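The values are calculated or read from the model by the stated rules, or taken from the named source; none is laboratory data. In this text, all values refer to a predicted model and were calculated from it rather than measured experimentally. Neighbour counts run over all protein chains shown; Cβ positions are idealised from the backbone, glycine included. Calculation scope for accessible area: heavy atoms of the full protein, side chains included, ligands and nucleic acids excluded. Shrake-Rupley method; radii C 1.70, N 1.55, O 1.52, S 1.80 Å.
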Amino acid sequence: NEANQLIAKTYVVVNLNQPQVVEQYMTGVREKYRGRGLSKWLKAAMFKKLTTEFPELEKIETEAHPENHPSRELSKQMGYKRTGGEKGFLIDRAKIVQCLNA
């Protein structure tokens, strides 16, 4: 922002010995900047970077707390599927590419 403060972030962990499965953690946006699509933009930028840098990428795993409805809804909108656990979501490469081409 204009005050040079971090306003949004997302964390990604890539095991370079097994880059087929990437773990994505907390995506967050400062309260003042929420509702502008920044989380979706961050995730899409992450998709683009990961598919470019890791062509062997097969899927991205993430979690969303059961009460974090905005995060859970965004994950669903972007093509993530529940993995059976209460918090887990997964998106495969085909869905990632589909999201980038939308």
Inset, instruction - Counting only heavy atoms of the protein chains, get the accessible area per residue of the chain (1.4 Å probe) and round it to a whole Å² value. - result: 67
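Could you grab the relative contact order for the chain? Cα pairs under 8 Å, six or more apart, rounded to a whole percent. Intermediate values should be presented prior to the final figure.
Details: 131 pairs, mean separation 23.5, N = 102.
For the chain, the relative contact order is 23 percent.
Can you compute the FRET efficiency between Glu61 and Asn1 using 1/(1 + (r/R0)^6), with r the Cβ-Cβ distance and R0 = 41 Å? Round to the nearest 0.05. Working shown, then result.
Values: r = 30 Å, r/R0 = 0.74.
Working from the Cβ atoms, E equals 0.85.
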Legend entry - Those aspartates and glutamates that a straight Cα-Cα span of less than 16 Å connects to Lys32, excepting residues fewer than 8 apart in one chain: Glu2
Legend entry - Dipole moment magnitude, nearest 20 debye, the chain about Cα centre, only Lys, Arg, Asp, Glu C-beta charged: 380
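Give the peptides 11-17, 89-95 in descending order of average Cβ contacts within 10 Å, highest first.
Values: 11-17: 10.6, 89-95: 17.3.
Sorting 11-17, 89-95 by mean packing, highest first, produces 89-95, 11-17.
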Inset, instruction - Would you calculate the separation in nanometres between label points at Leu100 and Leu16, each defined as 7 Å from the Cα along the Cα-to-beta-carbon direction? - result: 2.1
Inset, instruction - Could you check how much of the accessible area of the chain is carbon and sulfur, as a whole percent, using a 1.4 Å probe? - result: 49
Legend entry - Label-point separation, Phe54 to Lys81 (7 Å along Cα→Cβ), nm: 2.0
Inset, instruction - Under a cut-off of 17 Å between alpha-carbon atoms, report the aspartates and glutamates in cross-link reach of Lys87, not counting same-chain residues fewer than 8 places apart. - result: Glu23, Glu61, Glu63, Glu67, Glu73
Legend entry - Kirkwood Rh in Å, taken over the chain so that all alpha-carbon pairs contribute: 14.1
Inset, instruction - Work out the charge dipole of the chain with +1 on the Cβ of Lys and Arg and -1 on the Cβ of Asp and Glu about the Cα centre, then indicate which of Thr10, Leu50, Gln77 is farthest towards its positive end. - result: Gln77
Inset, instruction - Grab the other residues whose beta carbon is less than 14 angstrom from that of Ile7, score K and R as +1, D and E as -1, and report the net. - result: +3
Inset, instruction - Would you please give the residues with an amide H less than 5 Å from that of Tyr25, counting only those at least 5 places away or on a separate chain, with H modeled from the backbone geometry? - result: Tyr11, Val12, Val13
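Counting Lys +1, Arg +1, Asp -1, Glu -1, what net charge surrounds Leu50 among other residues with beta carbon under 14 Å of its beta carbon? Provide the component values of the computation, followed by the final result.
Working: positive: Lys43, Lys48, Lys49, Lys59, Arg93, Lys95; negative: Glu23, Glu53, Glu56, Glu58, Glu61, Asp92.
In short, 0.
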